[in-house]
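Worksheet for the structure shown next.
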Ligand code: MSP
């Protein structure tokens with residue numbers, strides 16, 4: 001057998017100036033679903049996430065809170081960012097902090113190589129900087145302030161005044177790479193996704209690229225420039241390198257060769273850093289560019305990009321405390337086309353929770369298990385001769401599995417879920433039309449009843465496997481209730497690309513009672 005394919009996927013590393021909100025959690029869940037799917041398909045999978053801890057923004061927040069930046073970062077990572085991963089059930093393989101020694105040392109190594117190879121020079125710089133973005137702003141993102149900022153230039157994204165900085169900086173010769181970047185976008189059309197993001201990046205680079213200021217000297221919270229310790233490395237240059245320092249760049253060449261290049265999942269707000277600056281840095285260092293950069297949309301609350309600074313931030317626990325982590329994961333993956341913006345509302349969340357998870361899937365699972373318990377003493381019956389209605393179920397399952405895998409391959413998570421949901425709908429319709437409770441009253445229909453309940457139970461087996469990357473907690477409960485483990489092994493060991501093959505659940509397995517997977521929740525937010 002050939003070696004399994006490598007699948008290395010990353011989230012952005014999050015600024016520790018603030019606490020996590022559902023926008024951050026959204027990115028995490030998407031990357032985690034993709035990683036879980038690939039892991040269960042047998043690919044050599046690695047999910048990296050972490051925190052971005054240097055720069056002026058963190059320094060200022062720490063100072064305002066009477067802490068050193070290192071103390072502040074430690075506190076936020078411990079109390080907020082690591083707990084977030086538990087709250088939403090993220091199965092990451094690694095967590096990198098830009099203050100890790102493995103990172104700082106190899107940022108210096110990378111920079112020194114670029115310097116030695118002539119890609120870095122010293123220059124004078126004067127430009128408008130946004131601390132919120134940690135970026136010298138291009139003219140297209142500088143607008144006139146209004147209200148309290150009347151008469152000042154403000155950042156188009158943060159609506160806060162820009163700061164005029166005048167410093168001696170080191171510059172990266174990014175302008176040298178415009179042609180090579182355009183060739184890359186041309187020759188690998190799926191390098192930047194979705195299409196709208198790709199077009200935006202191409203038109204940005206076509207306008208020509210300026211060299212990039214990559215050091216700062218007016219504060220010292222960062223990685224020191226190796227040949228000049230009066231400068232620290234620009235926070236974005238430092239942060240982007242996490243994707244390679246975390247997988248062995250500079251210290252473990254085998255691990256690096258095994259993992260790199262990565263698929264980067266990022267919000268569209270930071271697409272340009274990942275699709276322009278980052279590949280240019282890698283090209284300069286003679287390293288492979290990423291596999292793919294996917295820019296997802298924003299969560300909107302009340303029509304605006306949700307953000308803490310605009311006071312529309314919602315903490316993930318506000319949702320998971322009531323609905324649970326599975327519902328959080330399902331809702332955002334299902335309700336929003338991955339790549340588009342999506343509006344969040346409590347009404348929509350509650351409506352989908354009840355219609356799709358509680359009534360659609362949860363109720364199906366409970367009914368089927370209860371009928372096996374009642375009519376067959378809890379032992380999954382053998383199927384007899386299949387009729388057309390049963391064969392339709394089998395075809396729907398096979399198609400759903402194939403379509404979902406194809407959708408995941410193109411990062412269309414919402415399409416994958418829609419494909420799997422055809423099985424939920426089909427099975428619910430199947431049970432309604434087959435009426436097992438009627439068959440149960442007639443001894444002559446005993447074999448038919450067995451076939452119907454086997455079909456339903458085997459359909460649940462396929463659903464548990466196909467939904468496990470999205471709703472791992474409740475599918476694990478279902479797996480246990482189906483009694484599948486002794487014969488088939490643990491749920492996470494089930495090869496997902498084989499999930500559509502009919503007949504895997506053996507007859508004779510013993511089901512156990514299943515509590516409601518998604519209990520109804522009343523208007524006050526308490527489970528009913
Ligand atoms: N530290 C940088 C990223 C460095 S990566 C080398 C950063 N951090 S951040 O804390 O601001 O988080 C940015 C990411 O959080 C966005 O790219 C996006 O993935 C996610 N989101 C933040 N707000 C969001 C929404 N309102 N909606 C969706 N995602 C959002 O930028």
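The values are calculated or read from the model by the stated rules, or taken from the named source; none is laboratory data. Everything numeric in this text was worked out from a predicted model, so none of it was measured. Please note: Cβ atoms are built from the backbone with ideal geometry, for glycine as well, and neighbour counts cover all protein chains shown.
Among the residues of the range 233-254, how many are within 29 Å of residue 412 (Cα to Cα) and more than 12 Å from the ligand (Cβ to nearest atom)? Residues that pass the stated criteria total 1. Being within 28 Å of residue 122 (Cα to Cα) and free of Cβ contacts under 8 Å to residues at least 12 places away in the same chain holds for only one residue in 179, 150, and it is 179. Taking the range 36-58 as the range and being more than 16 Å from the ligand (Cβ to nearest atom) and assigned to a helix (DSSP H, G or I) as the test, the residues that pass are 36, 37, 38, 39, 40. Within the range 64-75, not a single residue is within 27 Å of residue 300 (Cα to Cα) and either within 15 Å of the ligand (Cβ to nearest atom) or surrounded by 22 or more Cβ atoms within 10 Å (Cβ to Cβ) (or both).
Check whether at least one residue in the range 209-221 is within 23 Å of residue 199 (Cβ to Cβ), crowded, with 17+ Cβ neighbours inside 10 Å and either within 13 Å of the ligand (Cβ to nearest atom) or over 17 Å from the mean Cα position of the chain (by Cα) (or both), and report yes or no. Within the range 209-221, one or more residues are within 23 Å of residue 199 (Cβ to Cβ), crowded, with 17+ Cβ neighbours inside 10 Å and either within 13 Å of the ligand (Cβ to nearest atom) or over 17 Å from the mean Cα position of the chain (by Cα) (or both).
Across the range 1-31, the qualifying residues are those that are assigned to a helix (DSSP H, G or I) and touching a helix residue (DSSP H, G or I) at 6+ places or on another chain (Cβ under 8 Å), and the one among them that is farthest from the ligand (Cβ to nearest atom) is 29. I'd like to check something: does the range 131-141 contain any residue that is in a strand (DSSP E or B) and modelled with pLDDT under 95? Yes. Scanning the range 84-134 for residues that are out of contact with any strand residue (DSSP E or B) (no Cβ under 7 Å at 6 or more places or on another chain) and under 17 Å from residue 171 (Cα atoms) returns 108, 109, 110, 112, 113, 115, 116, 117, 118, 134. A single entry from 392, 372, 380, 396 fulfils the requirement of being within 22 Å of residue 479 (Cβ to Cβ), without any contact (Cβ under 8 Å) to a residue 60 or more places away in the chain and more than 20 Å from the chain's Cα centre (by Cα): 396. Looking only at the range 156-170, residues that are buried (at least 19 other Cβ atoms within 10 Å of the Cβ) and either touching a residue at least 40 places away in the same chain (Cβ under 8 Å) or out of contact with any strand residue (DSSP E or B) (no Cβ under 6 Å at 6 or more places or on another chain) (or both) come to 2 in all. Being modelled with pLDDT under 95 and in contact with a helix residue (DSSP H, G or I) (Cβ under 8 Å, 6 or more places away or on another chain) is a property that does not hold for residue 283.
Whether any residue in the range 78-91 is in a loop (DSSP other than H, G, I, E, B), modelled with pLDDT of 95 or more, under 22 Å from residue 409 (Cα atoms) and within 15 Å of the ligand (Cβ to nearest atom) is what I want to check. Taking every residue of the range 78-91 in turn, at least one turns out to be in a loop (DSSP other than H, G, I, E, B), modelled with pLDDT of 95 or more, under 22 Å from residue 409 (Cα atoms) and within 15 Å of the ligand (Cβ to nearest atom). Of all residues in the range 412-424, at least one satisfies being under 24 Å from residue 373 (Cα atoms) and part of a helix (DSSP H, G or I). Scanning the range 1-19 for residues that are modelled with pLDDT under 95 and crowded, with 22+ Cβ neighbours inside 10 Å gives a single hit, 17.
Take the residues of the range 469-492 that are over 20 Å from residue 373 (Cα atoms) and in contact (Cβ under 8 Å) with a residue 60 or more places away in the chain: which is surrounded by the fewest Cβ atoms within 10 Å (Cβ to Cβ)? It comes out as 473. Taken as a whole, the structure leaves residue 397 outside the set of residues that are in contact with a strand residue (DSSP E or B) (Cβ under 8 Å, 6 or more places away or on another chain), more than 30 Å from residue 83 (Cβ to Cβ) and assigned to a helix (DSSP H, G or I).
Among the residues of the range 36-61, the ones that are without any contact (Cβ under 8 Å) to a residue 60 or more places away in the chain and either within 25 Å of residue 79 (Cα to Cα) or more than 25 Å from the chain's Cα centre (by Cα) (or both) come to 5 in all. From the list 378, 429, 384, the one residue that fits, being surrounded by fewer than 20 Cβ atoms within 10 Å (Cβ to Cβ) and in contact with a strand residue (DSSP E or B) (Cβ under 6 Å, 6 or more places away or on another chain), is 378. If you go through the range 31-45 and pick out every residue that is touching a strand residue (DSSP E or B) at 6+ places or on another chain (Cβ under 7 Å) and either surrounded by fewer than 23 Cβ atoms within 10 Å (Cβ to Cβ) or modelled with pLDDT under 95 (or both), you end up with 4.
Looking at the range 275-291, is at least one residue within 17 Å of the chain's Cα centre (by Cα) and over 30 Å from residue 121 (Cβ atoms)? Yes: the range 275-291 contains one or more residues that are within 17 Å of the chain's Cα centre (by Cα) and over 30 Å from residue 121 (Cβ atoms).
Do any helices (runs of 4 or more DSSP H) entirely within the range 278-389 hold 1 or more residues that are within 16 Å of the ligand (Cβ to nearest atom) and closer than 23 Å to residue 422 by Cα, and if so, which? Result: 325-335, 346-352. Among the residues making up the range 172-208, those that are more than 15 Å from residue 271 (Cβ to Cβ) and surrounded by 19 or more Cβ atoms within 10 Å (Cβ to Cβ) are 172, 174, 177.
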